[in-house]
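So the structure is just underneath, and the comments pick up after that.
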Amino acid sequence: MVSNKSLDTFRRDDFTVMDMGDMEIWDGADLALIREMFTRLVDGAKHQRIGIDMRSVKYIPSGFFGLLFDWYERGIGIRLYDAQPHVREMMWFQQFFVESSRGCFELTASNSTESPLSSGPATPSRQTTLAAPIDSSDSNDQMPVASLTN
């Protein structure tokens with residue numbers, strides 16, 4: 001766990017890279033440290049291209065990709081360097097990262113022609129009902145909730 005120490009940075013390919021050292025497994029505190037480093041590097045030091053050295057990382061908390069995508073949506077270039085095969089096989093990695101050079105993977109909006117948030121076209125079977133229709137003979141003053149379709 002890196003929570004008790006700060007992360008070192010170095011330059012690579014015109015990116016400021018956070019060095020994760022030999023940390024293999026991240027927890028919520030580590031993710032908070034990474035978020036804090038992003039804030040310092042982007043908002044404080046005005047860096048527009050951030051990388052993360054992933055050479056030792058074997059487990060990533062679920063919020064990691066959301067953190068990266070939030071910064072990406074703010075216009076920050078994001079790269080992951082030297083990610084382990086286990087990490088590269090993760091669905092979000094395959095969907096949103098493109099290898100730009102050996103060992104360097106760049107975050108893109110989508111690496112496929114289908115929308116990353118969609119598993120195909122909406123069908124009637126994907127319709128979700130939030131509440132059943134209200135029986136008018138019921139003395140409750142509840143209002144029906146409309147159905148949502150994807």
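The values are calculated or read from the model by the stated rules, or taken from the named source; none is laboratory data. Computed from a predicted structure; not experimentally measured. Neighbour counts run over all protein chains shown; Cβ positions are idealised from the backbone, glycine included.
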Scan the range 64-98 residue by residue and report those that are touching a Gly at 6+ places or on another chain (Cβ under 6 Å) and on the phi > 0 side of the Ramachandran plot. ASP82
Of all residues in the range 50-71, which are surrounded by fewer than 18 Cβ atoms within 10 Å (Cβ to Cβ) and either assigned to a loop (DSSP other than H, G, I, E, B) or more than 16 Å from the chain's Cα centre (by Cα) (or both)? ARG55, SER56, LYS58, PRO61, SER62
Please find, within the range 77-92, the residue that is surrounded by the fewest Cβ atoms within 10 Å (Cβ to Cβ) out of those that are among the charged types (D, E, K, R) and assigned to a loop (DSSP other than H, G, I, E, B). GLU89
Could you tell me which numbered condition SER100 fails, if it satisfies all but one of (1) under 19 Å from PHE10 (Cβ atoms); (2) polar (S, T, N, Q); (3) in contact with a helix residue (DSSP H, G or I) (Cβ under 8 Å, 6 or more places away or on another chain); (4) at pLDDT below 95? (3)
Looking at ARG74, is it within 14 Å of the chain's Cα centre (by Cα), free of Cβ contacts under 8 Å to residues at least 40 places away in the same chain and surrounded by fewer than 20 Cβ atoms within 10 Å (Cβ to Cβ)? yes
Looking only at the range 22-37, decide whether some residue is in a helix (DSSP H, G or I), farther than 19 Å from MET90 by Cα and among the acidic types (Asp, Glu). yes
Looking at LEU31, is it of a type in the set (A, V, I, L, M), within 21 Å of THR108 (Cβ to Cβ) and within 16 Å of the chain's Cα centre (by Cα)? no
